[in-house]
Amino acid sequence: MEMLEHVPDPRMTATLARLLRPGGALFVSTSTATSDPSCWRFRRREYLHRSDPRGTHGYERLIAPAELARWARAAGLTLSAMAGIELNPFTDHVALSGNVSVNYLAHFRR
């Protein structure tokens, strides 16, 4: 699994597809491009907690779910599932959801 906003070229789905055997699975995660890049989640991680280097999450690095699905289809992959990742900042509880508006996981098959 790869966090696509952290790789040099997130459009590498064609390369990843070629590396998969027929029936192989690809799992990726990323942050949604429709999100405001200055929102608290990035600022908190980059400036408050210092868990990510400053400037890691620029808007140009974020990927809309439809854009990722389009890249994958062009590479011959089929979207099997997509789920949102929700973090409760008060309890640090993480859960999957149907809301892909902030962070999400995608599962593709070749």
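Protein-only accessible surface at a 1.4 angstrom probe places the residues M3, M12 in the order M3, M12, largest first. Using the average count of surrounding beta-carbon atoms within 10 Å as a protection proxy, the listed peptides 86-97, 18-29 rank, highest first, as 18-29, 86-97. Counted residue by residue at 0.36 nm each, then reduced by the alpha carbon distance between them, the extension gain from H49 to S101 reaches 16.4 nm. For region 89-96, 3J(HN,Hα) computed residue by residue from phi via the Karplus equation (6.51, -1.76, 1.60; θ = phi - 60°) reads x, 7, 10, 6, 7, 10, 9, 7 Hz, glycine and proline entered as x.
The values are calculated or read from the model by the stated rules, or taken from the named source; none is laboratory data. None of the values given here were measured: they were computed from a predicted structure. In this analysis, Cβ positions are derived from the backbone assuming ideal geometry, glycine residues included, and neighbour counts consider all displayed protein chains. We work out accessible area using only protein heavy atoms, side chains counted, and drop any ligands, DNA or RNA first. Shrake-Rupley method; radii C 1.70, N 1.55, O 1.52, S 1.80 Å.
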